[in-house]
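Asks: Mind having a look at this structure? Questions to follow.
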Amino acid sequence: MNKNDLKIVYMGTPDFAVEPLRRLVEGGYNVVGVITMPDKPAGRGHKIQFSPVKQYALDNNLRLLQPVKLKDEEFVAELRSLNADLQVVVAFRMLPEVVWNMPRLGTFNLHASLLPQYRGAAPINWAIINGDTETGVTTFFLTHEIDTGKIIQQERIPISDTDTAETIHDALMYKGSDLLIQTVDNIIAGTVTPKPQEELYQSEDELRPAPKIFKDTCYIDFDQPAKKVYDLIRGLSPYPAAWCNLKSPAGEVLAVKVYETAKLASCSAKTAGAIDTDGKTYIRVACADGAIELRSVLLPGKKRMAVADLLRGFHIDNSYTFVLKSEVSFE
């Protein structure tokens, strides 16, 4: 069998999933159907917004399915009618067995981590938040438990100290697209030898999870070492973005999103959350050890801006403080 004969159904939703689909389509692979999430309202006007994968599918006249429920009998019947030999999943949702077990060659997923590490919804964010110096992409066959199937192939990339979730996202998107094509070619050639993930670790305690990111996850805890604060901020930049509450001397609190910082050995402020600023060009914040300098921030209702621009229009002096995480309620 060659790539023109192999019938592929592709499943994905966000930007990360568009590049691998594009590589399949432009590479001449036989994509007989694309599955993506249903349309949903977004933005202030609550206008219906297509997923990036849907938009690509429409632009390229690909057959498109948008099931609300993946176990729906009508959807399952329509999916079966495509008679796919292989299903490829990139940044989609958990599939029921009736779906992933349908094709004769199985269903494989492209995951943005070096499995078995960082199983879960946010592997890129957590690898950076945890200060890792390496990550990668993995293709693996789907099975009952999420992100636990047999590994087909992996590719690694370094994480530098200045990388953010955005830069690693883009690097893994392209690296993952290469790996996905290699995986399809090897499945066609019959040369894959999937490896059980259990062979790669001795205890579950060795594994680092990648759970969904919530609002409290994103709160900056200045009562932590500067390196951990720095890693949290770049691991959430630009989305969903780390944030903290800035408190004025009068007790007014303003939520501030932080996108870019620099690590410092120290600053004149000594108490965690305390500020050192000249009111014109810089804001430095004391941490449990060392400090960080804020470089790029966003205030409610404003655009992202450099700190020097913020200080030109917003008065902040050393009497302001950042509220520690232990003092914040996230209910």
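Asks: If you average the alpha carbon positions of the stretch 1-53 and of the stretch 92-112, how far apart do those two centres end up, in angstrom?
Replies: So the separation of the two Cα centres works out to 15 Å.
Asks: With a 10 Å radius around each residue's Cβ, average the other Cβ atoms per peptide and rank 292-301, 246-255, 170-179, highest first.
Replies: 170-179, 292-301, 246-255
Asks: Which is farthest toward the positive dipole end of the stretch 249-331 among Ala265, Cys287, Val297, measuring Cα position about the Cα centre, with Cβ charges +1 (Lys, Arg) and -1 (Asp, Glu)?
Replies: Farthest towards the positive end: Val297.
Asks: What size of dipole, in debye to the nearest 20, comes out for the chain about its Cα centre when the only charges are +1 on Lys and Arg C-beta atoms and -1 on Asp and Glu C-beta atoms?
Replies: In debye, rounded to 20, the chain gives about 840.
Asks: Pulled fully out, how much extra length does the chain show between Lys227 and Thr143, if you take 0.36 nm times their separation in residues and subtract their Cα-Cα distance?
Replies: Gain on extension, Lys227 to Thr143, equals 26.5 nm.
Asks: Now for a separate question. Check Arg63: other-chain or 5+ apart residues with amide H under 5 Å from its amide H, H built from backbone geometry?
Replies: Amide H neighbours of Arg63, under 5 Å, 5+ apart: Val34.
Asks: Can you give the relative contact order of the chain as a percent, counting alpha carbon pairs under 8 Å and 6+ residues apart?
Replies: 13
Asks: Of the labelled options [x] 0.98; [y] 1.04; [z] 1.15, which one gives Cα Rg over 2.2 N^0.38 Å as computed for this structure?
Replies: For Cα Rg over 2.2 N^0.38 Å, the calculated option is [z].
Asks: Between Lys195 and Phe330, 0.36 nm times their residue separation minus their Cα-Cα distance comes to what?
Replies: 44.4 nm
Asks: Can you give me the relative contact order of the stretch 124-235 as a percent, contacts being Cα pairs under 8 Å and 6 or more apart?
Replies: Once normalised by length, the contact order is 37 percent.
Asks: Next up: Can you check what the net charge comes to around Gln153, using other residues whose Cβ is under 14 Å from the Cβ of Gln153 (Lys, Arg +1; Asp, Glu -1)?
Replies: +1
Asks: Just add up the charged neighbours of Lys228: K/R +1, D/E -1, any other residue whose Cβ is under 14 Å from the Cβ of Lys228.
Replies: Neighbour charge sum, excluding Lys228 itself: -2.
Asks: Which of the listed residues, Leu236, Phe330, His315, is farthest toward the dipole's positive end in the stretch 182-331, when Lys, Arg count +1 and Asp, Glu count -1 at the beta-carbon?
Replies: Selected residue: His315.
Asks: Could I ask something else about it? For the stretch 134-218, take N as its residue count and report Rg(C-alpha) divided by 2.2 N^0.38 Å.
Replies: 1.26
Asks: Please give the calculated 222 nm ellipticity per residue for the chain, where each DSSP H segment of at least 4 residues contributes -39500 (n - 2.57) and the sum is spread over every residue; nearest 500 deg cm²/dmol?
Replies: -7000 deg cm²/dmol
Asks: Counting Lys and Arg as +1 and Asp and Glu as -1, each charge on the Cβ, what is the dipole of the stretch 180-317 about the Cα centre in debye, to the nearest 20?
Replies: In debye, rounded to 20, the stretch 180-317 gives about 700.
Asks: Counting heavy atoms of the protein chains only and a 1.4 Å probe, report the per residue accessible area for the stretch 187-331 as a whole number of Å².
Replies: Per residue, the stretch 187-331 has 54 Å² of solvent-accessible surface.
Asks: Continuing with the same structure: Just the number, please: carbon plus sulfur as a percent of the accessible area of the chain, 1.4 Å probe, no ligands or DNA/RNA counted.
Replies: Ligands and nucleic acids excluded, carbon and sulfur give 49 percent.
Asks: Let me ask you something else. Suppose every Lys and Arg Cβ carries +1 and every Asp and Glu Cβ carries -1, with no other charges. What dipole size does the stretch 35-106 come out with about its Cα centre, to the nearest 20 debye?
Replies: Using Cβ point charges on Lys, Arg, Asp and Glu, the stretch 35-106 gives about 300 debye.
Asks: To continue, here is another question. Whole angstrom only: what separates the Cα centroid of the stretch 245-277 from the Cα centroid of the stretch 160-194?
Replies: Taking the Cα centre of the stretch 160-194 as reference, the centre of the stretch 245-277 is 39 Å away.
Asks: If you build a Gaussian network model of the chain, linking Cα atoms that sit under 10 Å apart, which residue out of Gly131, Gly279, Gly33 swings the most?
Replies: Gly279
Asks: Sticking with this one: Averaged per residue, what accessible surface does the stretch 72-152 expose to a 1.4 Å probe, in Å²?
Replies: That works out to 39 Å² per residue.
Asks: Taking 8 Å as the Cα distance limit and 6 or more residues as the minimum spacing, I'd like the relative contact order of the stretch 33-157 as a percentage.
Replies: About 18 percent, as a whole number.
Asks: Using a Gaussian network for the chain with springs between C-alpha atoms less than 10 Å apart, which of these wobbles most: Asn60, Asn245, Asn130?
Replies: Most flexible of the set in this elastic network: Asn60.
Asks: So, one more: For the charge dipole of the stretch 66-129, defined by +1 on Lys and Arg C-beta atoms and -1 on Asp and Glu C-beta atoms about the Cα centroid, which residue among Ser113, Asn83, Met94 has the Cα displaced farthest towards the positive pole?
Replies: Ser113
Asks: Given H placed 1.01 Å from N in the peptide plane, which residues other than close sequence neighbours of Trp243 have an amide H under 5 Å from its amide H?
Replies: Amide H to amide H, under 5 Å and 5 or more residues apart or across chains, Trp243 pairs with Tyr219, Ile220, Val258.
The values are calculated or read from the model by the stated rules, or taken from the named source; none is laboratory data. Values in this document were obtained by computation on a predicted structure and should not be read as measured data. Quick reminder, even Gly has a Cβ in these numbers, built from the backbone with ideal geometry, and neighbours come from all protein chains shown. When the accessible area is computed, the model is the full protein with side chains, heavy atoms only, and any ligands, DNA or RNA have been set aside. Shrake-Rupley method; radii C 1.70, N 1.55, O 1.52, S 1.80 Å.
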